[in-house]
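What follows is a set of notes on a single structure, which appears directly below.
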Amino acid sequence: MVQLDKLRVEGISISVGGEHVLRNVSFSLRDGEIKIILGASGSGKTSTLNTIAGIIKPDSGSIFKDGKDITGQDIDKRNIGFVFQDLGLFYSMNVAENIAYGLRLRTKDIGEINRRVSDISRELTIEEHLHKFPAQLSGGEKQLVSLARTLITDPDLILMDEPLSSLDSFLRNNMRWYIKDIRRKFNVSIIYVTHDLADAEILGDSIAILNEGTILADGDKASILNSPMSIEVARILGYNLYRVGERNYAIHPSRVLIGGPVKIKILFGESGLKNNYLVDTEFGRINLTSDQQLNEEDGISLERGLPLP
């Protein structure tokens, strides 16, 4: 039996006021996969999610879910959950009422609503907060309430629009693992958009790079992060770019080796969890990150640089 993709986006294009927002965007999502759409602000990430959800209708192209064309389907028929960047919690409702909101819209029986709210709040470890209001919760707790409100309606696909962007580093790290576990516990597929490389590295099974409304690269996480195939993709992934003869190369700051034939002048150096440097070389300025301390007489090696097409 042929295994259908959970979602397939084919040639989606959108223009607003004569400006292209999305240009021929295509990618697919396997069942049970977490796909990262990585790009800067204004790259079209949110418009992509809104189109999949049915909030925006594309000018051209098609969207297939489980092999069925849903391009013109109503939002409430798609069985897709959406976790917004601002979370969208109702501050006049307590946590239990927020979580139950989607079931109330579906006019479910009050007994079923109460049971399901209790079950999912226990699953996400927020049962002790059910009678609190959002203003009384921490950032991480609000995130869990938002996830519970989305999951309680039993979607098989969840769209996440930079939901961790307002959290501090500690909470972001914790919530990433919650999200990975949600995929397993609730048997859902996830499309997660972000500008944060750490989100992509920890959460993603596959990554699509989106820039100015165009998909520049799409593939499994390891190949995208470790082998950028263009200058634009390498730049978005934080690689150093340099040229030797007629060939362009890219090297990640963590792969620059201390000790080597390339002479350097240290422009800036900062020590933290890692030692971070900006150095000047005959190939231009190079950022590097290392556990070692760098001295100018050490030089550096760019032997791990990747040739670009």
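The values are calculated or read from the model by the stated rules, or taken from the named source; none is laboratory data. Quick caveat: nothing in here was measured; it's all calculated off a predicted structure. All Cβ positions, glycine included, derive from the backbone under ideal geometry; neighbour counts span all protein chains shown.
List of remarks:
- Test: residue in the stretch 62-80 that is part of a loop (DSSP other than H, G, I, E, B), crowded, with 21+ Cβ neighbours inside 10 Å, of a type in the set (Gly, Ala, Ser) and touching a residue at least 24 places away in the same chain (Cβ under 8 Å): no
- Pair list, Cβ < 9 Å and 6+ apart or interchain, from the stretch 290-305 residues that are basic (Lys, Arg) to residues that are buried (at least 16 other Cβ atoms within 10 Å of the Cβ) and assigned to a strand (DSSP E or B): ARG304/ILE251; ARG304/LEU257
- Candidates are the residues of the stretch 77-119 that are modelled with pLDDT under 90 and under 24 Å from the mean Cα position of the chain (by Cα); the one that is nearest to PHE64 (Cα to Cα) is VAL83.
- Search result, residues across the stretch 115-145 that are touching a residue at least 24 places away in the same chain (Cβ under 8 Å) and within 15 Å of PHE186 (Cα to Cα): ARG116, VAL117, ILE120, SER121, GLU123, LEU124, LEU144
- Pick from the stretch 55-74, criterion within 22 Å of the chain's Cα centre (by Cα) and among the β-branched types (Val, Ile, Thr), ranking: modelled with the highest pLDDT: ILE63
- Filtering the stretch 261-278 to residues that are basic (Lys, Arg), more than 31 Å from the chain's Cα centre (by Cα) and part of a loop (DSSP other than H, G, I, E, B) leaves only LYS263.
- Selection from the stretch 202-215 of residues that are aliphatic (A, V, I, L, M) and more than 12 Å from LEU237 (Cα to Cα): ILE202, LEU203, ILE215
- Residue match in the stretch 168-188 (condition: touching a Lys or Arg at 6+ places or on another chain (Cβ under 6 Å), closer than 22 Å to ALA100 by Cβ and in a loop (DSSP other than H, G, I, E, B)): no
- Qualifying residue in the stretch 144-163 (condition: within 16 Å of the chain's Cα centre (by Cα), within 22 Å of ILE215 (Cα to Cα), in a loop (DSSP other than H, G, I, E, B) and of a type outside the set (D, E, K, R)): yes
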